[in-house]
1. Could you order Val33, Val346, Val288 so the one with the most accessible surface comes first? Probe is 1.4 Å.
2. Measuring with a 1.4 Å probe in the full set of protein chains, what accessible area per residue, in whole Å², belongs to the stretch 277-347?
3. Please compute the net charge surrounding Leu55, taking Lys and Arg as +1 and Asp and Glu as -1 over other residues with Cβ under 12 Å from its Cβ.
4. Within a Cβ distance under 15 Å of Lys284, other residues only, what is the Lys/Arg minus Asp/Glu net charge?
5. Just to make sure I understand: if all protein chains stay in place, what is the order of Glu250, Glu189 by accessible area at 1.4 Å, largest first?
6. Any chance you could look up the accessible area of Glu437 with a 1.4 Å probe, heavy atoms only, rounded to 10 Å²?
7. Subtracting the Cα-Cα distance from 0.36 nm times the residue separation, let me have the gained length for Lys164 to His360 in nm, one decimal.
8. Please calculate the 1.4 Å probe accessible area of Glu25, with all protein chains present, and give it to the nearest 10 Å².
Amino acid sequence: MASQISQQYAFRAQKAFGLVNGTPEYTLVSGFVAPDVPARTYHYSADGRFFAYALPTVVRIFQAEGAQLLQELPLPNIIDLRFSPRGTYLSTWERPVKLEDGAQHKNLRIFSVSTGEELISFSQKSQEGWDLQYTISESHAIRLVSSDIQVFHPADWSKGIADKLKVEGATSVSLSPGLNPSVAVFVGEKKGAPASIKIYGLLSLNGLPTCQKSFYKADKAQIKWNTLGTQVLLLTQTDVDNSNKSYYGETGMYLLSAAGNFDCRITLDKEGPIHDFAWSPNSKEFGVVYGFMPAKTMLFDQRVRTLHDFGASPHNTIQFNAHGRLVLLAGFGNLAGKIDIFDRRVLRKICTIDAPNTSHCEWSPDGRFLLTATLSPRLRVDNGIKIWHCSGPLMHIQATDELYQASWRPTPVEAVPQFGQHIPQAPPPSLSVKTFEAIQKPTPTKPAGAYRPPGARGLATPAIFKREDEGGTPRVPTNGTGTPPRGYNRGSPAPPGSAPNGQYGPNNSYGQNGYHNGNGQGGRQRQVPGAAHNPSPAPEGERKNRKRNKKKEGGEGDKEGATLEIEVNGNANTNANTNGKEGGKKVNGAKNHVAVPEPVVVAEAQSPVTPGLDSSLDPVAKKVRNLNKKLKAIDELKEKAKRGERLEATQLKKMEGEAEIKKELAGLGVTSP
């Protein structure tokens, strides 16, 4: 037994192939000779006793311990191969081709590992789900052919099909582990008919299903049984999301019991796709990663009762180690590659591992080490393998160009020592880690917080860049034609190069509060009807727009309806310009005064008219409206808190100010709702 539990992993690359001993040596297995040509694939048996790989012209089977060659099968063009659970049979698959005599190409073949004899062969077009599924005792094997589920007795392949079940529209099938195996059959949604999953007992296949459930929004499904084979999780997915919330379609999850005494839809409290889910090896609980990023991770029991909320983090992967003591939460793919490891017993984070560009991640069979690999063609740079201890330290590094495949050698869980009361200590790292650290260039630490241009560094954050609940400048609504720039609070500095008090540019193209001096739409000047028209200096584009508007209105000179421009702050523009046609001569003087029949008096305005708002409201009404908006926002935050969503510190601070806002409303003579 001791020889079967030695740690080992295999790797396959374009120019390298080998078996490597585990902790603490990390040396190549003696006796294993790498082939001269690149291997196409390899596979370990589930019990870890055998190892096989496929070359373009031959398949070789080894004893994993010691790499002793057992069989060499002259099989060309093999693309994939698999062992049965106990390593008794080896299945191979090659691409189907048209034979000259017109017969069907039997491209799926099953061989005896001990003798190398071909036992049976089938025609299998698709590589997806190509292999037969065996019970753990290898007493039965099943495969899905069109809508038929065929059952075989591996002890007597020559008898052919021993039993058959026909399920119309079946797209996938899964055989449960355990001593009392069941078969789960999924039928996708088609032509308005709902999707369904049905569970049959393997020994009573032609009887009624022990459990079944129908539902919509399910074009395909992923089925995962627990270790005992008593319950199954079903992840459904559609090709298109009709709500346009996700590019990858809608997802749903269901839990069913093989005995038929329990089934339900798992309701999740955050919108977004389900990224990953996994059963604990104890078969009594499972974890789900779901929701838009940052995704939420929850731990449920076998009756879908919440056990623990891991919070929201950028994760899309969850894995339990062999004993279920440790839980891995990670973000791979388009995420940064952070790995968080939690102790399931105390629900406390043990460590965080930074493993960027990870394509493959796998727990070791003893649950104490983690293998991460960057594989090609997913990524063609920085290919290699890293071994980590569950407490965080890096144990071993192997850099390999064009690495295609890497995996641990399986070991039966009963042959692995259990975890103690505490997490085991990490052994000393291999020499490769020390060499890597010696030649690695120090990575510059990134500054925390938001990016700032060099001229703004070392200063307080301007109020315009802060959120309103952090003391930033309130957002000013617009009429949709543009976004007026906002001024800055006196307590915070303005951006470098800006004019004081929010006045932009030497020509004062923006007013004191940041509003554009335009055509009266929220600007710093108004045109008073009855006065001579006096446009202020404006860009060429605006002058053209004014001429175009005049032509549309049909007035060339506007002799009767001239207007006089007066500044809003009460300072009359005595340097009014006349812009008309007088005797064919254009008069445009900066100091020409215009006589008006009746002088128009404009009262001082404290603030410009904000576009899009009702200017008839007095300051008290505006104040009441703003306070009511804040109360409404606080009510929304309370609802989120009731639903169990995690609130930020700034949101909690905003909720604490509710009493003060109501007090302020009462001071204005308004009763809060």
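The values are calculated or read from the model by the stated rules, or taken from the named source; none is laboratory data. Note that the coordinates shown come from a computational prediction; the quantities given were computed from them, not determined experimentally. A quick note on method: Cβ atoms are made from the backbone with ideal geometry, for glycine too, and the neighbour counts reach across all protein chains shown. Side chains are part of the model used for accessible areas, which takes the heavy atoms of the whole protein and leaves out ligands, DNA and RNA. Shrake-Rupley method; radii C 1.70, N 1.55, O 1.52, S 1.80 Å.
1. Val33, Val346, Val288
2. Each residue of the stretch 277-347 exposes 34 Å² on average to a 1.4 Å probe.
3. Its environment carries a net charge of +1.
4. Neighbour charge sum, excluding Lys284 itself: +4.
5. Ranked list, largest accessible area first: Glu189, Glu250.
6. Accessible area, nearest 10 Å²: 120 Å².
7. 66.8 nm
8. Around 110 Å² of this residue is reachable by solvent.
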